[in-house]
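Enquirer: Okay, handing you the structure first.
The values are calculated or read from the model by the stated rules, or taken from the named source; none is laboratory data. Given the structure is predicted, the values throughout are model-derived calculations rather than measurements. We place every Cβ from the backbone using ideal geometry, glycine too, and count neighbours over all the protein chains shown.
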Amino acid sequence: MTSIPTASADGAPAPEQPPDTAGRMELPLAVAISVFLFLAFLIVPPVGLLTLPLASVPMVRLTHRRGLAFGLIGVATTAAVLWVLAAALEGGGEAFRVAVTGGTIVALPALFAGAVRLGRDASLAYLGLCLAGFLILGGSLLIGPGGGIEETARAIDRTFDEAVSAPAPDVRAEYQEWFAAAREFTKKYWFGLIGVGWILAAAVSFYTGAWAARPAASAEQTRFESLRIPAVVAPLFVATGAAFGLAPPFWARLSGNLLWPLTALYFVGGLSIICCFARRWFRSRLLRVGLYALVIYVPITAGTALLGLFDWYTDFRKRGQGATKTL
């Protein structure tokens with residue numbers, strides 16, 4: 001399709017605009033990157049655990065820049081490509097599972113990015129993304145083909161058996177007790193641990209995609225350092241913590257599967273506060289990266305979660321801004 005020249009202010013014809021080559025390549029490039037990152041998870045799972053949260057980043061970026069409809073076209077194309085590749089390698093049944101799983105993981109962050117583009121609050125959109133992904137992924141293991149608590153427990157046993165058999169015998173004996181404790185913890189709280197993984201991965205997908213889409217207006221509104229956890233979540237966290245420590249075993253286990261995802265959510269909220277002040281006080285990116293690396297250390301991780309928990313009451317960003325102005 002040829003472009004039609006338009007007249008300039010003085011009546012002379014304006015030069016033809018060059019074709020939007022970058023815009024045309026944006027969709028296929030986003031699909032290719034998403035497919036590659038998701039396949040990395042399937043082919044090399046240890047490496048893929050790092051790349052999987054990034055698989056939906058191109059679709060989030062596409063949604064912020066081009067709109068939700070454009071993003072959903074990219075999601076559908078990604079799922080179709082995954083189906084074709086999996087069908088060629090594994091067969092039809094496995095191809096359907098791969099396409100549905102990959103399409104869901106890629107689609108959810110893009111859908112909630114589209115909600116921000118339509119005027120929804122970015123923090124609430126992220127909270128909705130966390131809840132939707134937690135219920136869909138956890139529910140798929142409970143009611144999906146081959147799912148259920150017993151089958152999941154057997155899969156956890158197989159995974160830990162493979163992990164224990166890998167090290168040398170002396171190393172294996174040294175960590176035997178640790179492996180046994182980790183196995184029992186994972187079998188007891190596997191549903192909540194799925195929520196923990198999804199909440200952390202969703203933060204990477206949702207906010208990295210927005211960062212990559214700037215200066216799009218909705219992407220500018222979706223800033224990690226502005227994330228706020230609604231106050232209504234705090235009583236739920238306190239109630240589940242109390243039930244986890246005081247309730248009978250069945251209810252303690254049930255509340256624990258909710259407590260760990262809520263803790264992860266408040267950790268992300270606390271990290272956003274740290275990010276806010278780090279951007280304000282540390283001009284060097286190296287110093288900021290070092291600060292974020294320290295947060296992984298377990299005692300600091302707990303403190304970061306507490307920071308996020310009490311933000312609804314204290315509003316650390318507001319107080320810090322006032323303190324900075326008085327310096």
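Enquirer: Please go through segment 41-56 and pick out each residue that is assigned to a helix (DSSP H, G or I) and either free of Cβ contacts under 8 Å to residues at least 12 places away in the same chain or under 17 Å from residue 203 (Cα atoms) (or both).
Expert: 43, 45, 46, 47, 48, 49, 50, 51, 52, 53, 54
Enquirer: Can you tell me which residue in segment 240-255 is surrounded by the most Cβ atoms within 10 Å (Cβ to Cβ), limited to those that are out of contact with any helix residue (DSSP H, G or I) (no Cβ under 7 Å at 6 or more places or on another chain) and over 16 Å from residue 185 (Cα atoms)?
Expert: Ranking the qualifying residues of segment 240-255, first place goes to 242.
Enquirer: Follow-up. Only residues that are touching a residue at least 60 places away in the same chain (Cβ under 8 Å) and part of a loop (DSSP other than H, G, I, E, B): list them for segment 215-230, please.
Expert: 216, 222, 223, 227, 228, 229, 230
Enquirer: Sticking with this structure for a sec: Any idea which of (1) surrounded by 16 or more Cβ atoms within 10 Å (Cβ to Cβ); (2) at pLDDT 85 or above; (3) more than 26 Å from residue 219 (Cα to Cα); (4) not hydroxyl-bearing (Ser, Thr, Tyr) is the one residue 80 doesn't satisfy?
Expert: (1)
Enquirer: Condition test on residue 170, is it under 28 Å from residue 97 (Cβ atoms), of a type in the set (Asp, Glu) and either surrounded by fewer than 16 Cβ atoms within 10 Å (Cβ to Cβ) or at pLDDT 65 or above (or both)?
Expert: Judged against the criteria, residue 170 is not a match.
Enquirer: Restricting attention to segment 27-35, does a residue exist that is surrounded by fewer than 21 Cβ atoms within 10 Å (Cβ to Cβ), at pLDDT 90 or above, within 18 Å of residue 103 (Cβ to Cβ) and of a type in the set (Gly, Ala, Ser)?
Expert: yes
Enquirer: Could you say whether any residue in segment 262-280 is among the aromatic types (Phe, Trp, Tyr), modelled with pLDDT of 90 or more and touching a helix residue (DSSP H, G or I) at 6+ places or on another chain (Cβ under 7 Å)?
Expert: Yes.
Enquirer: Just checking, does segment 93-116 include any residue being outside any helix (DSSP H, G or I) and either at pLDDT below 90 or not hydroxyl-bearing (Ser, Thr, Tyr) (or both)?
Expert: No, because not a single residue in segment 93-116 is outside any helix (DSSP H, G or I) and either at pLDDT below 90 or not hydroxyl-bearing (Ser, Thr, Tyr) (or both).
Enquirer: Further, regarding this structure: Which of the numbered conditions does residue 34 fail, given that it passes all the others? Conditions: (1) closer than 16 Å to residue 112 by Cβ; (2) under 19 Å from the mean Cα position of the chain (by Cα); (3) not aliphatic (A, V, I, L, M).
Expert: (1)
Enquirer: Which condition number does residue 212 fail, the rest of (1) under 16 Å from residue 305 (Cβ atoms); (2) aliphatic (A, V, I, L, M); (3) touching a residue at least 24 places away in the same chain (Cβ under 8 Å); (4) part of a helix (DSSP H, G or I) being met?
Expert: (1)
Enquirer: Can you say whether residue 223 is of a type in the set (D, E, K, R), surrounded by fewer than 17 Cβ atoms within 10 Å (Cβ to Cβ) and not assigned by TED's automatic domain parsing to the domain that holds residue 113, as far as the supplied structure shows?
Expert: no
Enquirer: Let me ask something else. I'm trying to understand the selection: among the residues of segment 60-70, which are more than 11 Å from residue 26 (Cβ to Cβ) and within 18 Å of the chain's Cα centre (by Cα)?
Expert: 60, 63, 64
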